[in-house]
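Read through the structure below, which is laid out as structure tokens, and then see the notes.
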Amino acid sequence: MSELVDYLSSQWREEAEKRLKSELSPEKMNKITSSMSNIYLNCPDGSQKYLLFRFENGELTELSIGQGQPPKAEFQITGNYEIFARISRAELGSQKALMTRKLKLKGNMVKALKLAAIADRLNKVLSTIPTRY
Amino acid sequence: MTTLPDDNDLYFIDFPGRIKKIQTAMQEEDLDVYLGSRLRTLSWTLDAFCPWRSFVVIPAEGLPTAFTFVIDAARVADDSWLDEDHVYGFAPMGGQDQIEQISDFILDLLNNGKGRVGVETGMSNYLPEGNLTHYEYEQFDAALANAELVNAHTIVDRLSMIKDPGTINRFREASRIVDIGHQAVFDALQNGGYKDISETEIAGIAALAMRKAGSEWEWSFTGGNEIASGYRTGLAGGACTPATRRKIQPGEPLMVDLHAMFKLGLGDHAHNYLIAPASDRQWWHANNFIDIVKQTLKTYRAGITPSSLAEEMIGFAEQRGFADYMVPGFEHGIGLMGDEWRIGLNDGPFAYWTNPDHVYRENELLICAMQYACPEENIGFRYENPIILSKTGCEALSAYPLAIEEIK
């Protein structure tokens with residue numbers, strides 16, 4: 001795929017799902033069962049969106065995008081759209097964004113620490129999608 | 001591994017039952033959430049040692065959740081009876097600093113952010129007490145803007161005053177370990193072994209023996225094992241002597257105050273020596289001290305008060321001519337790690353100090369603590385021992401024989 005797709009569009013979601021399923025095996029995902037929602041504040045159209053990931057035994061069982069408040073997830077990361085975009089473009093590290101209060105994590109951080117490497121793997125795959133922000 | 005309460009265990013404490021008692025008291029005081037921050041509250045509710053700034057949030061119903069510095073959260077979860085879903089780590093990250101993490105957690109427990117939240121404030125002579133700081137209070141107050149913060153530490157103070165059998169057994173075991181430390185010190189000192197030994201070395205000899213016997217650490221914030229030799233034993237009113245590099249000298253007194261911890265139960269026993277040659281005058285002081293300790297242990301029982309005991313004992317010392325050397329206090333409070341200051345509740349004439357008219361009750365645990373100091377003669381002694389009060393007397397948990405030996 002070489003055409004650019006709009007970030008958080010339905011085409012982007014389909015591409016993300018395809019790549020995550022093909023590139024991250026349950027073993028690479030440490031067979032985790034967890035869920036995480038990214039909440040995008042101040043999107044270009046002025047709305048609030050979410051991106052929800054749900055894994056069961058390491059398999060991606062749900063990747064959904066929506067408007068407003070997301071369904072309940074084990075972890076919730078909130079920040080401005082532009083911050084998530086900068087992270088996806090590898091201009092900003094997610095850890096630095098958290099440490100400088102650009103992102104807010106809700107959930108048990110001890111568990112989150114165990115999943116940090118997995119989240120990095122996931123972000124790395126998403127960053128390969130040719131995206132228009 | 002998370003330790004689930006096992007009621008066949010000698011050291012069993014019903015922690016879920018404790019939480020339910022707190023929740024009943026919360027209901028009586030119309031509290032929706034209890035935010036504990038004192039070390040004594042954390043030990044009493046979590047069954048884990050929390051050396052870093054920590055908190056426990058107790059909802060109106062259900063399990064509590066602990067919050068501690070992220071570097072120690074997994075270990076606290078491992079030691080505690082709570083599972084990892086109920087132990088959170090905080091760190092300087094968005095949404096994860098202690099104020100935001102805990103206030104978000106509490107907001108989820110409140111109805112539209114409204115309600116009454118019990119907190120722990122006040123003051124203490126014990127530095128690691130853990131009351132909310134002014135800054136923490138202000139920040140929680142702002143983050144929980146629609147809730148009312150209410151000082152509620154009396155709930156835990158009241159519930160933790162009378163000790164259950166598991167707690168007493170933990171103290172009993174910690175005291176047994178302290179006695180092993182005292183034996184190791186005696187063995188090291190006798191037959192000239194005291195020569196060229198320093199106070200810090202004595203503290204270490206005891207620490208090694210007690211650790212071998214299972215002590216978790218020399219818990220006292222006063223410097224671990226307190227050792228005083230020579231003039232340091234007689235510092236006026238002095239009852240705090242972290243060990244120094246001072247070498248033990250012939251003809252001097254030596255005070256050895258050891259601390260061991262077993263499952264948050266605390267051993268605390270002081271024993272005294274005279275390093276030969278001991279003078280008749282030194283023996284006069286030593287015998288005075290032993291006699292008043294015996295008299296005090298004979299007098300302690302449920303029904304008396306700190307002031308009535310002090311009056312009686314100072315009267316005894318006056319009669320014998322050594323009242324000038326007695327520090328007029330005969331106890332300090334004790335409970336699971338972090339509970340080491342006043343006796344009873346905060347209901348005396350001086351806020352957050354022992355109420356001199358507190359009436360002791362059966363199964364109250366305290367440290368019988370006495371200090372004899374004669375600075376002008378460079379001599380003094382200390383006695384400390386956890387005692388359990390009964391209707392008719394007290395049981396001293398440390399069984400090391402009460403005496404002052406002359407070490408040759």
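Where a number appears in this text, it was derived from the coordinates with a stated rule and is not lab data. As the structure is a computational prediction, the values presented were derived from the model and not from experiment. As a convention, Cβ positions derive from the backbone with ideal geometry for all residues, glycine included, and neighbour counts pool all protein chains shown.
Remark: the stretch B:307-313, residue by residue, has Karplus-estimated 3J(HN,Hα) of 6, 5, 5, 4, 4, 5, 6 Hz, where x stands for each Gly or Pro and the curve is 6.51 cos²θ - 1.76 cosθ + 1.60 at θ = phi - 60°.
Fully extending the segment from B:LEU345 to B:ASP97 would add 86.0 nm, taking 0.36 nm per residue of separation and subtracting the current Cα-Cα distance. Of the residues B:THR68, B:THR222, B:THR167, the one with the fewest other Cβ atoms within 10 Å heads the list, and the complete ranking is B:THR222, B:THR167, B:THR68.
Couplings for the stretch B:374-384, taken from phi via the Karplus curve 6.51 cos²θ - 1.76 cosθ + 1.60 with θ = phi - 60°, read 10, x, 5, 10, 6, 9, x, 9, 9, 10, 9 Hz in order; Gly and Pro are left as x. Annotation: amide H of B:GLY267 within the under-5 Å range of B:ALA260, B:MET261, B:PHE262, sequence separation 5 or more or interchain, hydrogens built in the peptide plane. Segment B:GLU311..B:PHE186, full-extension length gain: 41.6 nm, with 0.36 nm per residue of separation and the alpha-carbon distance subtracted. Exposure proxy ranking for B:ASP179, B:ASP104, B:ASP347, based on other Cβ atoms within 10 angstrom of each Cβ and starting from the fewest, stands as B:ASP347, B:ASP104, B:ASP179. Each listed q (0.05, 0.10 Å⁻¹) maps to a log10 I(q)/I(0) for the protein assembly as shown from the Debye sum over equal C-alpha point scatterers, namely -0.29, -0.86. Note on B:LYS294/B:GLU29: beta-carbon distance plugged into 1/(1 + (r/R0)^6) with R0 of 60 Å gives a FRET efficiency of 0.85. To the nearest ten degrees, helix B:15-28 and the longest principal axis of the Cα atoms of chain B are 60 degrees apart. Around the amide H of B:TYR88, modelled in the peptide plane, lie the amide H atoms of B:ALA66, B:PHE67, B:THR68, all under 5 Å away and 5 or more residues distant in sequence or on another chain.
Between the amide H of B:VAL119 and those of B:LEU35, B:VAL150, B:ASN151, B:ALA152, distances stay under 5 Å, these residues lying 5 or more places away or on another chain, with hydrogens modeled in the peptide plane.
If each residue of separation counts as 0.36 nm, what is the full-extension length gain between A:SER64 and A:LEU113 once their alpha-carbon separation is subtracted? All intermediate terms of the calculation are to be shown ahead of the outcome.
Values: separation 49, 0.36 × 49 = 17.64 nm, distance 2.37 nm.
Fully extending the segment from A:SER64 to A:LEU113 adds 15.3 nm.
Using Cβ counts within 10 Å as a stand-in for footprinting exposure, how do B:HIS358, B:HIS271 rank, fewest first?
Numbers: B:HIS358 21, B:HIS271 27.
Placing the least packed residue first, the sequence is B:HIS358, B:HIS271.
Remark on the stretch A:52-133: Rg and Dmax equal 12.8, 34 Å (Cα only). 3J(HN,Hα) couplings calculated from phi for the stretch B:189-198 with the Karplus curve 6.51 cos²θ - 1.76 cosθ + 1.60 (θ = phi - 60°) are, in sequence order, 7, 5, 6, x, x, 5, 5, 6, 9, 9 Hz; Gly and Pro show x.
Based on alpha-carbon centroids, what's the gap between the stretch B:317-395 and the stretch B:252-275 in Å, whole number please? The stretch B:317-395 and the stretch B:252-275 have Cα centres spaced 16 Å from each other.
Hey, what's the Kirkwood Rh for the stretch B:104-234 if you take every pair of different alpha carbons, in angstrom? Please report the intermediate quantities before stating the final value.
Values: mean 1/r = 0.0525 Å⁻¹.
The Cα-based Kirkwood calculation yields 19.0 Å.
In percent, rounded to a whole number, the relative contact order of the stretch B:15-159 is 26, using alpha-carbon pairs under 8 Å and six or more apart. Ellipticity at 222 nm from helices only: DSSP H runs of n ≥ 4 in chain B, each -39500 (n - 2.57), divided by the residue count, give -10500 deg cm²/dmol.
If you take every residue apart from B:GLY214 with its C-beta less than 14 Å away from the C-beta of B:GLY214, what net charge results, scoring Lys and Arg +1 and Asp and Glu -1? Walk me through the numbers on the way to the answer.
Numbers: positive: B:ARG170, B:ARG172, B:ARG176, B:ARG211, B:LYS212, B:LYS263; negative: B:GLU173, B:ASP179, B:GLU216, B:GLU218.
That sum, taken over residues with Cβ under 14 Å, equals +2.
Taking trypsin sites (Lys or Arg not before Pro) across the stretch A:1-97, the ones in a DSSP loop with at most 11 further Cβ atoms lying within 10 angstrom of their Cβ are A:LYS72.
With the Kirkwood sum run over all distinct C-alpha pairs, the stretch B:259-408 has a hydrodynamic radius of 16.2 Å.
Taken along the Cα-to-beta-carbon direction at a fixed 7 Å, the label points for B:ARG361 and B:ASN8 span 3.2 nm. Among the trypsin sites (Lys or Arg not before Pro) found in the stretch B:215-268, those both in a DSSP coil and sparsely packed, with 13 or fewer other Cβ atoms within 10 Å of their Cβ, are B:ARG245.
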